[in-house]
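All remarks here apply to the structure that follows.
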Amino acid sequence: VKQVAFAVVSPHRDDAALSLGSLLRRLGRRHVRFRILNCFTVSDFAPYHSGLTTEQVTRLRRREDRCFGRLLGRSVSWRSLHGVDAPLRRGADVDIFRAPFDVTESNALARRIEAAAGADLLLVPLAIGRHIDHLVARRAAGSLRSTHAIAFFEDIPYAGTTAETDIRQTIDDAAAETKRILKPLTIASRNAVAEKDAIARIYRSQIAAEELEEVERAARRLGGERLWADDVAFARLTALLGGA
Ligand SMILES: [Zn+2]
């Protein structure tokens with residue numbers, strides 16, 4: 001049963017907002033219904049709030065999400081998939097950008113995404129920068145390619161600090177994994193930097209000056225946000241945006 005137009009696979013609570021905030025706000029104004037699937041919500045990662053327990057951090061990050069949700073009105077519904085994020089799952093000394101990929105993790109996540117999506121169109125992180133949780137999310141969602149249309153999105157802030165050749169390689173990898181030809185879909189916005197900045201500032205437990213600068217750099221480079229969509233996803237998203 002199709003309950004929503006699409007589901008965003010958000011590795012962490014801030015990824016959908018940071019990477020797709022402009023698109024989601026635009027669709028919110030058009031009353032399109034969509035769902036955000038937060039994958040790894042059990043977290044003690046809050047670099048700008050020290051001395052909190054895992055429970056407190058998990059709650060704090062949920063509050064930040066709710067605050068972003070107010071910008072989306074009734075368009076959005078949320079699902080937490082209750083995954084444990086990399087520093088807790090793999091150990092505090094894990095290098096989250098080099099940790100080896102483990103297919104049992106993505107298989108487990110794929111089943112939860114499938115059960116919670118409520119749609120056969122998925123918006124999926126490219127895992128630019130190769131954060132292990134983003135990579136697990138990409139591979140999990142990609143494994144649903146026979147039943148779901150897919151649009152990959154460029155991960156912000158990482159797209160602001162990653163070389164263009166590495167980004168191209170990541171897009172090629174995602175295309176090969178899903179056996180799809182991916183077309184770029186840019187969500188252009190004249191005030192992209194200010195718009196992203198306002199959204200990023202909601203996530204104070206994750207974002208300070210350094211990250212803000214990376215978010216702004218990504219927004220400037222893209223002139224907004226960019227997705228790489230298969231044919232079906234491209235047609236559907238374009239229609240939802242009003243045929244732009
Ligand atoms: Zn993330």
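The values are calculated or read from the model by the stated rules, or taken from the named source; none is laboratory data. Everything quoted here is computed from the prediction, not taken from an experiment. Ideal geometry is used to build each Cβ from the backbone, glycine not excepted, and the neighbour counts take in all protein chains shown.
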message = Residue pairs, Cβ under 9 Å, 6 or more apart or interchain, first in region 191-202 and in a helix (DSSP H, G or I), second among the aromatic types (Phe, Trp, Tyr) and buried (at least 20 other Cβ atoms within 10 Å of the Cβ). List them.
response = 199/68
First in region 105-116 and exposed (fewer than 14 other Cβ atoms within 10 Å of the Cβ), second anywhere and outside any helix (DSSP H, G or I), Cβ under 8 Å, 6 or more apart = 107/143
request  = Would you be able to tell me the number of residues in region 65-94 that are among the charged types (D, E, K, R) and either part of a strand (DSSP E or B) or modelled with pLDDT of 95 or more (or both)?
outcome  = 1
key: Pair list, Cβ under 7 Å, 6 or more apart: region 8-34 residue more than 11 Å from residue 225 (Cβ to Cβ) and more than 12 Å from the ligand (Cβ to nearest atom), other residue in a loop (DSSP other than H, G, I, E, B) and small (Gly, Ala, Ser)   = 30/242; 32/5; 33/5; 34/5
message = For a quick check of your reading of the model, give me the residue pairs whose first member lies in region 122-133 and is of a type in the set (Lys, Arg), whose second is more than 9 Å from the ligand (Cβ to nearest atom) and assigned to a loop (DSSP other than H, G, I, E, B), with beta-carbon atoms closer than 8 Å and at least 6 apart or on different chains.
response = 130/97; 130/98
query = How many residues are at pLDDT below 95 and either within 16 Å of residue 36 (Cα to Cα) or assigned to a helix (DSSP H, G or I) (or both) when one looks only at region 144-165?
reply = 4
ask   = Being on the phi > 0 side of the Ramachandran plot and either touching a residue at least 24 places away in the same chain (Cβ under 8 Å) or touching a helix residue (DSSP H, G or I) at 6+ places or on another chain (Cβ under 9 Å) (or both), is that true of even one residue in region 73-82?
value = yes
ask   = Is there a residue being in contact with a Gly (Cβ under 9 Å, 6 or more places away or on another chain) and within 27 Å of residue 219 (Cβ to Cβ) anywhere in region 53-71?
value = yes
inquiry  = I'd like the residue in region 129-165 that is touching a His at 6+ places or on another chain (Cβ under 8 Å) and within 12 Å of the ligand (Cβ to nearest atom) and, out of all such residues, is nearest to residue 114 (Cα to Cα).
reply    = 133
message = Yes or no: region 76-86 includes at least one residue that is among the charged types (D, E, K, R), farther than 30 Å from residue 145 by Cβ and away from the ligand (no atom under 16 Å from the Cβ).
response = no
ask   = Conditions: (1) over 16 Å from residue 229 (Cβ atoms); (2) crowded, with 24+ Cβ neighbours inside 10 Å. Residue 141 meets all but one. Number of the miss?
value = (1)
task = Could you list, in sequence order, all residues of region 109-128 that are within 13 Å of the ligand (Cβ to nearest atom), outside any strand (DSSP E or B) and in contact with a Phe, Trp or Tyr (Cβ under 8 Å, 6 or more places away or on another chain)?
result = 126, 128
